[in-house]
Amino acid sequence: MKIKELSQKVALGGSVTLASVGLPACSDNGAVDPAPPPIKCEAVGEGASLTATATLDQTTVLVQIQETGQAPDLPYYFARWDAAPQVTGLDGVSLTEVALDPNDNRMVKVELELESAGTTSASFTLEGTLTDSYDTKCAVTRTFTLTITGGAVEIALQRRRLPLEERQPAAIEIVRRRALAVELRASGAEGAERVRWSVTAGKVVRQRDDRVTWLLPDVPGLYQAELLVERGGRGLAIDTLALEVA
């Protein structure tokens, strides 16, 4: 029997390109020209369009959170808070008040109290709903961290890790062939939590995690091997290899 390699299809992780654009022009009567597009919940739901500032007065922290109307992969848009968001997940602080700015429903004001005068770090989560001029509603959740040094406080948006954000490619490499035995290697599987192999026919003989020997059937036909590389919270990668026994 003769083995022929027919195709190899690699499923790779993608990358995200972030872009920013200018603001739309406004006419004399305040109308936006051109009209802003609808918001996309998948773009704003992580709070990517929020900015925050904080000031410290003894043990009281005053936070202002602004919806900017700018998010990755979106042109400038307009959105407002339906109501004052909820503040949850308090750590190192207690909530005194949360309210919308009476003159700007894109601005949220949060007043917090440090647990003690010696508190140097704290965090909280903002949860609310943004609505645009098309009445599109998007749930928004974002966690903020506070760092207190002396009489100053710094606030940062905590980066939320996406399950597949660090996805990296993996590929099946043919190391050697001997009659109906094919030794395969999982390229790019370094540091993976688990490497899994499967075949449509024949037998897989495991040697170690990144290498196996595939014994193909002694019957003419098209057979496929699949590689699955699991990286836990960093995602996964898949590759397939098709071989023909002729």
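Each value in this text was obtained by applying a stated rule to the coordinates, not by laboratory testing. Owing to the predicted nature of the structure, the values given are computational and were not obtained by experimental measurement. A quick note on method: Cβ atoms are made from the backbone with ideal geometry, for glycine too, and the neighbour counts reach across all protein chains shown.
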Residue by residue through the range 179-187, which ³J(HN,Hα) values in whole Hz follow from phi under the Karplus form 6.51 cos²θ - 1.76 cosθ + 1.60 (θ = phi - 60°), with glycine and proline marked x?
-> 6, 9, 9, 10, 8, 10, 10, 8, 6
Spin-label model distance (nm) - ALA43 vs VAL205, 7 Å beyond Cα toward Cβ | 5.5 nm
Using 0.36 nm per residue, how much length does the chain from GLU97 to GLU190 gain when fully extended, once their Cα-Cα distance is taken away?
-> 28.6 nm
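Suppose the chain between SER133 and VAL175 were pulled fully straight at 0.36 nm per residue; how much longer would it get relative to their current alpha carbon spacing?
9.3 nm
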Once Lys and Arg get +1 and Asp and Glu get -1 on their Cβ, which of ASN103, THR136, GLN64 lies farthest toward the positive end of the dipole of the range 59-206?
-> THR136
Could you give the dipole magnitude of the range 36-157 about its Cα centre, charging the beta-carbon of Lys and Arg +1 and that of Asp and Glu -1, in debye to the nearest 20?
-> 200 debye
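What share of Cα pairs, in percent, lie more than 20 angstrom apart in the range 36-157? Intermediate values should be presented prior to the final figure.
Numbers: 2985 of 7381 pairs.
Value for the range 36-157: 40 percent of Cα pairs lie more than 20 Å apart.
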